[in-house]
């Protein structure tokens, strides 16, 4: 049996967020870049705080109704999976 593989950068990049939480992972990666892989221990508290963020924090940042976000805190089970170094 022959197996064909395409090891192109674009094909590999799609695997970066293949954990089921692609939207959250891509947001975190967009903010921190490759330092996620080299200094995750230092960034973990900041990322964990961001994942716990909820609407009451949005009320503190701005009084403008249009700029308030509807982002909710990430459930604890998903947070644990996202903060796992293997993920």
- Contact list, first residue from region 60-86 and surrounded by 10 or more Cβ atoms within 10 Å (Cβ to Cβ), second anywhere and at pLDDT 80 or above and outside any helix (DSSP H, G or I), beta-carbon distance below 6 Å, six or more apart or interchain, is 73/52
- Task: Among the residues of region 8-28, write down those that are part of a helix (DSSP H, G or I) and farther than 15 Å from residue 50 by Cα.
- Result: 9, 10, 11, 12, 13, 22
- From the residues in region 52-65 that are in a loop (DSSP other than H, G, I, E, B) and modelled with pLDDT under 50, which one is nearest to residue 79 (Cα to Cα)? 62
- Message: Which count do you get for residues in region 34-51 that are surrounded by 10 or more Cβ atoms within 10 Å (Cβ to Cβ) and not in a helix (DSSP H, G or I)?
- Response: 1
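The values are calculated or read from the model by the stated rules, or taken from the named source; none is laboratory data. In this text the structure is predicted, and so the values were computed from the model without any measurement. A quick note on method: Cβ atoms are made from the backbone with ideal geometry, for glycine too, and the neighbour counts reach across all protein chains shown.
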